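Have a look at the structure below, then the notes.
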């Protein structure tokens, strides 16, 4: 199909069109709102791998999606990027992150604008307020874009359970993540639970489910495809966890060991804590969430995680999950070229270095 | 119709049912998320005037809504309370408000829980994170509830433009409000612009529009009904502004002069600043946003606002808007009992003391 070759490009074209139309009326009557709409537009179009629309698209293509629906499906799956914009903008606030993809985060950009304009009150409060509202706008517009996709009503209707579950699950995952960090739950079970909701369900399983539901796939095929998504999604996050500590900054674009400084409670860390001797575990705990960790501090933690076998255990888990994922993909009997594309994505997502 | 007599009660019943169902699956698999779902449920069911569903209901009833659709319409209009929950939870964060309706706000309640549990990190950051996510959940669930209302697809579809506009407008209004406060724009025009979006459009005009669209009313009737809503909505907010400075705390439930302490840039204040002599204006400006204002400080501002004619000007504006609103309602030719109910609501909303 025409869109297969450059899916991210087509997704961006749909987003550009939607954002222009959705913002037109209100920006015309309320020019003061333009900076908000512009910030969202710039954030959404600045980049990203468009992973969620990609999984949804191949889920639809591989389960017999009606070619006549292609334009509508493209629009519907592109709206996943607006859900993601809300998640990232609000996540950056929650984590107090200053930059994303080499640019200031939304709340920081608005606080800077406040300072430059010499406005009243604290710049940070202004940044917080605007970032909350711009994230909300992204979430409301995600629904508007999805609901306005030019598809027959019953087609959209059968995809709604996946759409609903996906949005609730990502919020539940973020909530549990915040709660797990606060309560200091360092068990591997807690890390896996957050993984399953925040990455596996939200990034892979539900987008595939959404696509297959749009195609009208049988429940049994959807169930098998979701198995693939679940295992692949967890494996994907585990690779991310390894890269967050061991990744090459020149390839990942993030400072080395940044996950340690941010104090992320990943499965890698949880296994490290469980397998380490007491004094090693104490050293890991001390490093976690310490913003001033030096490169050599990071190296000490890396050595410990490797020596106690946590790295090998996570690598093995990735291998096992990739294996079971690919077996499920095989059993899902997708049509080509979707089957090959999804197998490729699985390989890339779990073996990447970036 | 059965629901006319106790609309708030029926709205609450629908909300109770939806919240129980929407939370059931995720709370079962992820009990750690229960405190989030429970907080939202408690917030939504704790009370409120259910104004937006009420306007939407009478908009539908008065423009020939199909009695067979009553259950579906009740469900669809009840979802407006979930949009409102998001708006209030996030607004309380933006304003750093500690209490609402005599109870701690969501972010304060979660910060308190964090303290009580002796969890890690700053309690305020935990309160912020959870309140952002719970507000997001309310917004996502508002769409889920609206979209799942048991109505024929074309009925729901024709109400979507109103649904879309309402959510974008309230966010635009909040954004402009934050921006106006920050930039120190004290003109009456800026105050009215925020009024029109944040209250008039969101609370009255769009709910009426939504109801009439669900009924399949003619465009001309919808336009006239929206005129009524626009004028009534602004008048409603102007009454609120007066009560925020002059209201009797034993009736409003808020400390006297609280709007002054919060530094709200209302039309009343804007007119006061414009009409006052320089030293009077300086005294108003000094009082605005000063949390430690005493009762007698508030009294000084009250006297100035009255003496310079700002109070009389706002009262006159309320009268004029009520008059033009009722004239539009008359021209909208609604059926009974909707016409009488809406005229009553208009009288109560603009003449209330609470």
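The values are calculated or read from the model by the stated rules, or taken from the named source; none is laboratory data. Being a predicted model, the structure only gives us computed values, none of them experimental. Neighbour counts run over all protein chains shown; Cβ positions are idealised from the backbone, glycine included.
If you check residue B:141 against the conditions, is it out of contact with any strand residue (DSSP E or B) (no Cβ under 8 Å at 6 or more places or on another chain) and not in a helix (DSSP H, G or I)?
On the way: out of contact with any strand residue (DSSP E or B) (no Cβ under 8 Å at 6 or more places or on another chain): yes; not in a helix (DSSP H, G or I): no.
No, not satisfied.
Whether any residue in region B:288-296 is touching a helix residue (DSSP H, G or I) at 6+ places or on another chain (Cβ under 9 Å) and either modelled with pLDDT of 95 or more or assigned to a helix (DSSP H, G or I) (or both) is what I want to check.
no
So how many residues does region B:196-236 have that are surrounded by fewer than 24 Cβ atoms within 10 Å (Cβ to Cβ) and within 13 Å of chain A (Cβ to nearest Cβ)?
3
Look at residue B:179 and say whether it is in a helix (DSSP H, G or I) and away from chain A (no Cβ under 11 Å). Give the derivation first.
Details: in a helix (DSSP H, G or I): yes; away from chain A (no Cβ under 11 Å): no.
Spelling it out, it is not the case that residue B:179 is in a helix (DSSP H, G or I) and away from chain A (no Cβ under 11 Å).
Could you list, in sequence order, all residues of region B:193-220 that are touching a residue at least 12 places away in the same chain (Cβ under 8 Å) and not in a helix (DSSP H, G or I)? Steps first, please.
Of region B:193-220, the ones touching a residue at least 12 places away in the same chain (Cβ under 8 Å) are B:193-217.
Correct list: B:216, B:217.
Being at the interface with chain B (Cβ under 9 Å from one of its Cβ atoms), surrounded by 15 or more Cβ atoms within 10 Å (Cβ to Cβ) and not in a loop (DSSP other than H, G, I, E, B) is the filter here; which residues of region A:92-122 pass it?
A:93, A:94, A:114 - these are the residues of region A:92-122 that are at the interface with chain B (Cβ under 9 Å from one of its Cβ atoms), surrounded by 15 or more Cβ atoms within 10 Å (Cβ to Cβ) and not in a loop (DSSP other than H, G, I, E, B).
Here is a list: A:329, A:267, A:275. Which entry is within 23 Å of residue A:62 (Cβ to Cβ) and touching a helix residue (DSSP H, G or I) at 6+ places or on another chain (Cβ under 9 Å)? Outline the logic, then answer.
On the way: A:267 fails: within 23 Å of residue A:62 (Cβ to Cβ); A:275 fails: within 23 Å of residue A:62 (Cβ to Cβ).
The conditions single out A:329.
Evaluate the following for residue B:30: is it within 12 Å of another protein chain (Cβ to nearest Cβ) and either within 17 Å of the chain's Cα centre (by Cα) or free of Cβ contacts under 8 Å to residues at least 40 places away in the same chain (or both)?
Details: within 12 Å of another protein chain (Cβ to nearest Cβ): yes; either within 17 Å of the chain's Cα centre (by Cα) or free of Cβ contacts under 8 Å to residues at least 40 places away in the same chain (or both): yes.
It is true that residue B:30 is within 12 Å of another protein chain (Cβ to nearest Cβ) and either within 17 Å of the chain's Cα centre (by Cα) or free of Cβ contacts under 8 Å to residues at least 40 places away in the same chain (or both).
Here is a check on your reading of the model: is residue A:190 more than 7 Å from chain B (Cβ to nearest Cβ), part of a helix (DSSP H, G or I) and buried (at least 24 other Cβ atoms within 10 Å of the Cβ)? Steps first, answer last, please.
Numbers: more than 7 Å from chain B (Cβ to nearest Cβ): yes; part of a helix (DSSP H, G or I): yes; buried (at least 24 other Cβ atoms within 10 Å of the Cβ): no.
Here the answer is no, as residue A:190 does not meet what is asked.
Say whether the condition of being under 30 Å from residue B:72 (Cβ atoms), touching a residue at least 40 places away in the same chain (Cβ under 8 Å) and out of contact with any strand residue (DSSP E or B) (no Cβ under 9 Å at 6 or more places or on another chain) is met by at least one residue in region B:102-121.
no
Of all residues in region B:265-278, count the ones that are free of Cβ contacts under 8 Å to residues at least 40 places away in the same chain, surrounded by fewer than 24 Cβ atoms within 10 Å (Cβ to Cβ) and within 17 Å of residue B:302 (Cβ to Cβ). Working first, answer last.
Step one: list which residues in region B:265-278 are free of Cβ contacts under 8 Å to residues at least 40 places away in the same chain, which gives B:272, B:275-278.
Next cut, surrounded by fewer than 24 Cβ atoms within 10 Å (Cβ to Cβ) only: B:275-278.
Now restrict to residues that are within 17 Å of residue B:302 (Cβ to Cβ): B:275-277.
The total comes to 3.
Return the only residue of B:70, B:39, B:76 being under 30 Å from residue B:229 (Cα atoms), under 22 Å from the mean Cα position of the chain (by Cα) and at pLDDT 95 or above.
Working: B:70 fails: under 22 Å from the mean Cα position of the chain (by Cα); B:39 fails: under 30 Å from residue B:229 (Cα atoms).
Exactly one of B:70, B:39, B:76 is under 30 Å from residue B:229 (Cα atoms), under 22 Å from the mean Cα position of the chain (by Cα) and at pLDDT 95 or above, namely B:76.
Scanning region B:337-354 for residues that are farther than 30 Å from residue B:256 by Cβ and touching a helix residue (DSSP H, G or I) at 6+ places or on another chain (Cβ under 8 Å), which turns out surrounded by the most Cβ atoms within 10 Å (Cβ to Cβ)? Spell out the reasoning first.
At the first step, the residues of region B:337-354 found to be farther than 30 Å from residue B:256 by Cβ are B:337-343.
Right, trim to touching a helix residue (DSSP H, G or I) at 6+ places or on another chain (Cβ under 8 Å) and you get B:337-339, B:341-343.
On the way: B:337: 14, B:338: 22, B:339: 17, B:341: 19, B:342: 27, B:343: 16.
Restricting to residues being farther than 30 Å from residue B:256 by Cβ and touching a helix residue (DSSP H, G or I) at 6+ places or on another chain (Cβ under 8 Å), the top hit is B:342.
Quick check on my filter: what residues within region A:124-168 are at the interface with chain B (Cβ under 7 Å from one of its Cβ atoms) and within 19 Å of the chain's Cα centre (by Cα)?
The answer is A:132, A:136, A:137, A:139, A:140, A:143, A:164, A:167, A:168.
Show the residue pairs that are 6+ apart or on different chains and have beta-carbon atoms under 6 Å apart, the first residue being within region B:314-325 and over 19 Å from residue B:189 (Cα atoms), the second being surrounded by 16 or more Cβ atoms within 10 Å (Cβ to Cβ).
Listed pairs, sorted by first residue: B:322/B:235; B:322/B:350; B:324/B:231; B:325/B:228; B:325/B:231; B:325/B:232; B:325/B:346.
Give just the number: which of (1) assigned to a helix (DSSP H, G or I); (2) out of contact with any strand residue (DSSP E or B) (no Cβ under 9 Å at 6 or more places or on another chain); (3) assigned by TED's automatic domain parsing to the domain that holds residue A:14; (4) surrounded by fewer than 24 Cβ atoms within 10 Å (Cβ to Cβ) does residue A:75 not satisfy?
(3) is the only condition that residue A:75 fails.
In this structure, is residue B:63 surrounded by 18 or more Cβ atoms within 10 Å (Cβ to Cβ) and under 23 Å from the mean Cα position of the chain (by Cα)? Walk me through how you get there before you give the answer.
Values: surrounded by 18 or more Cβ atoms within 10 Å (Cβ to Cβ): yes; under 23 Å from the mean Cα position of the chain (by Cα): no.
When the stated conditions are applied, residue B:63 does not pass them.
Out of all the residues in region B:10-46, which are in contact with a strand residue (DSSP E or B) (Cβ under 9 Å, 6 or more places away or on another chain) and not in a helix (DSSP H, G or I)?
B:46
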